[in-house]
Structures are given as C-alpha cells and as structure tokens.
Amino acid sequence: MQTTPCPSSLVTPYISTPLLLLLSFHSSAPHTLMEERISSLPTPPPQPPSQDYTDKSLSTELQLSNINPGTYIVQVPKDQIYRVPPPENARIVEQYRNSPSKGKKKTPCWCFVFIIIVLIAIATVIVSLLGGLFSVVLKPKDPKFSIQDLNVLNSTSHPKYNVTLQVHNPNSKVAISYKEGGDVSLSLRRQQIALGSYPTFYQTPQNSTAFGVTLKGSKVGFPKEVEESMTNDKNKVHVTFSLTIHVPARMKMGLLHSGIVKFDVMCQVTLDTLAKTSHILSQHCQTKRH
C-alpha cells in the first residue's frame, strides 16, 4: 500500500497555530513565576568581613612587632613630597663643601721634622767626638795670665780701675779664639768693688798679647783702704786685690777645633801703694778650663 504525501500547504496551517500558542505560554509563564519568587524573598543580612582580610591584618601586625629598632631608609615618591627645600640651600651646601675646612690646617710633614732632628743629633755627636778627639790627641795647654799694671782713677761719679793684663798661649800648634761674654771683676777682702768686660781677639800659637781693661766701681767713692793708700805718700800702704776672669774661648788647629770651653782665672795681686808711683809686689794667677 502506498501513501501519498500531503502537500506542505495543507499541513502548515493546521499545526502552526496551536504550537505557537504553546511556545508562547511556556516562554512567558516561567518568567512571571520567577519574578514573583524573587520579590517574595526577604533581604539577606550583611555579610561579615572576609576571613582572608583578617588574616592579612594579623600577619602584618606580627611582622611589624618583629622589626628590630634601627635606622631605615624610606623612599617616598617625588610627587608625594609636599615641601621641597629652596634652591638656595643646595647652593649653600655646595659652597660649604667646596670651601677649605677651617678645622683642617696644613701641618708640616713629620718625616721632614724627624729628618732634621736626626741630622742635628748626628751633627752634635760628631762635634762632641771631634772635641774629645781634639783634647785627647792634641792635649792643648791652658793660656797663662799675668797682671802688668793696676792704677786707680779718681772720678767724681764712680771710681775706675785701669788694669793691664798679659795672656800667653803656650801651645805650639793650637790657636785660641776668645769669644764674647767674658768679664773681669776686682774684689777687695772678698767684696767686689769693680766690674768690666773681657775683649774678644784671636791668639796664634806661642803668642803673648797685652791688653787693657777698664773696671768701673759699683759704689760711689773708694773703699777706706784704697783711699788711705792713695792719699798717704810718705808711708806706703799695701793693698791686696783679687782679680777674677771668666771668658769663653775655642781652641783651633787647622780644620779641627774644640767646642766652646770656658777659662776661669783667679789672680791675687799686692801693690805697694796706690799713689802715683805704684809697683806690684807679688802676684799669682791660676787658670782652670771647663
């Protein structure tokens, strides 16, 4: 048996209308019911804070409490700085940095000072050795002093004494150079009555030099013994003086020379009178070298 298909024009009108109604019903009914259910539900309560946020806050506080005290560098973005120092401050800091520090002063090199000290010490040792060698090898003799004349000058202000001395250099190869700072003093009964200066000069070997020294009295007027000897022409009054000499000198032979030595001379001289015609009755001089 054979079936004959129906034409499409006959089937479509019959099925399309109920199906469309059914689809329309099913499509609109659920939407209406859902809206009614949503409107009838109560408003949900606010939810508590998240557990993850609470855990993060607690962990941050624990980390901050474990940080040790100290110095930390905090970097802040430039756009968040609300106050910027004026450019004058930077200029002042730059000038202070470039200017030399007042506290730092140039000090001499200690090495240079140390070298100078060492050289001075070496020179001192060499001079001392040469001086000792000079005295040991050459064995120079001390000069010999003597008094040639002693006169008293009657002055209205202060008394004066003219003394003529002679010094002899007994060395055959050693010369003596008398330096500045020497003095000559005259005493009577251990009381100094006059003072003068010793001259500076150079004395060659085996040479005798005579020179005069003027001594000025330390007090106004003459001592009593001096006045009696000066005024008594008939009966001569003897007077004994002490003459003391202190003079620095240096002994030389060619390029070799000793250090500065000091000669101390003590003379005892007795005069028959201090009148116009006076004579030396006795004298004794002794020289010591230091």
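The values are calculated or read from the model by the stated rules, or taken from the named source; none is laboratory data. None of the values given here were measured: they were computed from a predicted structure. Cβ sites come from the backbone with ideal geometry, for glycine too, and all protein chains shown count toward neighbours.
Observations
- Scanning the range 221-237 for residues that are in contact with a Pro (Cβ under 8 Å, 6 or more places away or on another chain) and surrounded by fewer than 17 Cβ atoms within 10 Å (Cβ to Cβ) yields a single hit, Gly221.
- Which listed residue is at negative phi, out of contact with any Lys or Arg (no Cβ under 7 Å at 6 or more places or on another chain), assigned to a strand (DSSP E or B) and surrounded by 13 or more Cβ atoms within 10 Å (Cβ to Cβ), from Thr214, Thr240: Thr240
- Taking the criterion of being of a type outside the set (Ser, Thr, Tyr) and surrounded by fewer than 16 Cβ atoms within 10 Å (Cβ to Cβ), the residues of the range 247-271 that qualify are Gly254, Leu255, Leu256, Gly259, Ile260, Lys262, Asp264, Met266, Gln268.
- Residues in the range 144-155 that are modelled with pLDDT of 85 or more, more than 51 Å from the chain's Cα centre (by Cα) and not hydroxyl-bearing (Ser, Thr, Tyr): Ile147, Gln148, Asp149, Leu150, Asn151, Val152, Leu153.
- Of all residues in the range 218-243, those that are within 24 Å of His284 (Cβ to Cβ) and under 60 Å from the mean Cα position of the chain (by Cα) total 6.
- Within the set His168, His158, the sole residue that is more than 18 Å from Val239 (Cα to Cα) and modelled with pLDDT under 95 turns out to be His158.
- Thr287 meets each of the listed conditions (1) out of contact with any Lys or Arg (no Cβ under 7 Å at 6 or more places or on another chain); (2) modelled with pLDDT of 90 or more apart from (1).
- The residues of the range 158-191 that are over 24 Å from Gly217 (Cβ atoms), part of a strand (DSSP E or B) and not aliphatic (A, V, I, L, M), listed by number, are His168, Ser177, Tyr178.
- Within the range 275-289, the presence of at least one residue that is crowded, with 16+ Cβ neighbours inside 10 Å, among the hydrophobic types (A, V, I, L, M, F, W, C), part of a strand (DSSP E or B) and in contact (Cβ under 8 Å) with a residue 12 or more places away in the chain is confirmed.
- A Cβ distance below 8 Å, combined with a sequence gap of six or more or placement on separate chains, defines the contacts here; from the range 206-224, residues that are among the basic types (Lys, Arg) reach residues that are assigned to a strand (DSSP E or B) in the pairs Lys216/Lys160; Lys216/Ala194; Lys216/Leu195; Lys216/Gly196; Lys219/Ile193.
- Within the range 103-143, the set of residues being in contact with a Ser or Thr (Cβ under 7 Å, 6 or more places away or on another chain) and at pLDDT below 85 comprises Gly131, Phe134, Ser135.
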